[in-house]
Amino acid sequence: MTRPARALIDLKALRHNLSRAREAASGAKIMAVVKANAYGHGLLTVARTLAQADAFGVARLDEGLALRAAGVQAPIVMLSGVESIQELEQARDQRLDIVVHSEHQIAMLEGAPPGTRLKAWLKLDSGMHRLGFPPTVFARKYIRLSECAAVIDTVALMTHLADADLPRSKRVAEQIAVFEANTRGISAERSIANSGGLLGWTEARADWVRPGIMLYGISPFADDTGTDQGLVPAMTLETRLIAVNQVERGDRIGYGGTYICDQSMPIGVAAIGYGDGYPRHAPSGTPVLVEGLRCPLVGRVSMDLISIDLRPNPKAKPGDRVVLWGEGLPAEEVAAQAGTIAYELITRIAPRVDYAEIDA
Ligand SMILES: Cc1ncc(COP(=O)(O)O)c(C=O)c1O
């Protein structure tokens with residue numbers, strides 16, 4: 001039996017968004033970021049659909065191993081690198097490239113078993129202060145890594161932007177300048193930009209760009225949507241109405257009775273809740289689409305159910321389709337209402353939600 005809550009993954013949209021990234025990259029290579037189950041869209045589905053990408057970026061070893069086990073041949077970069085000699089050996093055996101951001105990783109490579117050969121990306125902390133070597137030691141780490149027998153050819157260079165979601169941020173320009181100043185004179189491949197960097201700063205393109213969120217049709221910017229950026233949402237989260245009840249003025253809806261009806265109205269109950277990954281903090285007023293018409297959620301989100309004010313669609317009946325985000329309703333808008341970001345919504349789809357692919 002199919003479950004009512006489904007995430008529809010639009011393969012055509014994924015391909016379109018990759019072309020949009022290609023166009024914006026104007027010649028830079030594309031490392032498609034597919035960590036966290038391809039931002040909740042399904043790792044293998046996305047990797048197969050985006051086979052034209054020049055490489056894939058993953059966070060952790062298991063994600064890289066899953067891609068190789070499925071037959072993906074493209075370069076795969078582990079964006080957090082390896083944490084132990086066992087991981088290093090697995091990365092080597094499966095031809096996974098590694099980001100090197102910490103001294104213990106350099107020491108591990110220097111002590112790697114003879115014959116170990118991997119491609120390494122050395123990461124500069126240009127101002128985000130998360131992963132990477134600070135400018136004061138970067139040149140010395142570069143020399144050590146370049147001289148390391150376990151590292152193939154030239155070491156590639158990268159950094160990550162902290163503020164690329166803010167289109168006019170001065171800090172982005174500062175980080176790009178720090179990266180350029182500290183990598184000048186080194187003949188190596190370079191990578192700076194995530195989706196925001198790619199769409200917002202031509203000077204961040206370098207040799208490789210690393211788009212994630214835009215491939216899924218979501219804008220990296222805080223103040224617009226994927227559609228504004230020429231993207232198409234790749235995930236539509238949908239369910240069905242399972243009840244429609246007529247309630248009276250003054251009736252309270254759901255746990256805590258936080259929503260009080262100001263008149264007699266039809267209330268729909270849809271089969272989705274925080275147990276499926278719908279945000280519990282979505283307040284009354286958050287839009288959903290009932291058979292394509294925008295209706296506000298009312299009362300608290302519960303584990304399996306939400307309640308919906310059906311006055312904008314008074315003919316709605318049990319079985320009708322309810323869209324939580326995606327086609328016709330940007331995840332960015334729902335996320336803003338719920339006090340979060342679309343990244344979190346799409347990566348938190350729960351295991352009990354069914355997936356279906358569409359390619360129309
Ligand atoms: C190192 C690195 N590069 C690229 C990305 C992709 O970022 P975005 O999804 O904002 O395009 C991420 C994601 O967080 C990342 O950690």
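Annotations for the structure displayed:
Residue-by-condition table, conditions (1) under 19 Å from residue 331 (Cβ atoms); (2) in the same structural domain as residue 304 (by TED's automatic domain parsing); (3) not aliphatic (A, V, I, L, M):
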| site | (1), (2), (3) |
| --- | --- |
| 4 | no, no, yes |
| 20 | yes, no, yes |
| 24 | no, no, no |
| 29 | no, no, yes |
| 36 | yes, no, no |
| 40 | yes, no, yes |
| 46 | yes, no, no |
| 52 | no, no, yes |
| 56 | no, no, yes |
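- Residues of region 29-54 satisfying the condition of being surrounded by fewer than 23 Cβ atoms within 10 Å (Cβ to Cβ) and assigned to a loop (DSSP other than H, G, I, E, B): 42, 50, 51, 52, 54
Yes/no matrix, rows are residues, columns are (1) away from the ligand (no atom under 13 Å from the Cβ); (2) in contact (Cβ under 8 Å) with a residue 60 or more places away in the chain:
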site: 7; (1), (2): yes, yes
site: 17; (1), (2): no, yes
site: 30; (1), (2): no, yes
site: 35; (1), (2): no, yes
site: 57; (1), (2): no, yes
site: 78; (1), (2): no, no
site: 89; (1), (2): yes, no
site: 102; (1), (2): yes, no
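- Residue count, region 180-200 (criterion: within 13 Å of the ligand (Cβ to nearest atom) and either assigned to a loop (DSSP other than H, G, I, E, B) or over 25 Å from residue 17 (Cα atoms) (or both)): 3
- Counting only strands (runs of 3 or more DSSP E) wholly contained in region 55-166, the ones carrying 1 or more residues that are surrounded by 17 or more Cβ atoms within 10 Å (Cβ to Cβ) and of a type outside the set (A, V, I, L, M, F, W, C) occupy 55-58, 96-100, 120-123.
- Residue match in region 248-257 (condition: surrounded by 18 or more Cβ atoms within 10 Å (Cβ to Cβ) and among the β-branched types (Val, Ile, Thr)): yes
- Region 131-152, subset of a type in the set (Lys, Arg) and closer than 17 Å to residue 119 by Cα, residue farthest from the ligand (Cβ to nearest atom): 144
The values are calculated or read from the model by the stated rules, or taken from the named source; none is laboratory data. All figures in this text were calculated on a predicted structure; none of them were measured in a lab. Positions of Cβ are generated from backbone atoms using ideal geometry, with glycine treated the same way; all protein chains shown enter the neighbour counts.
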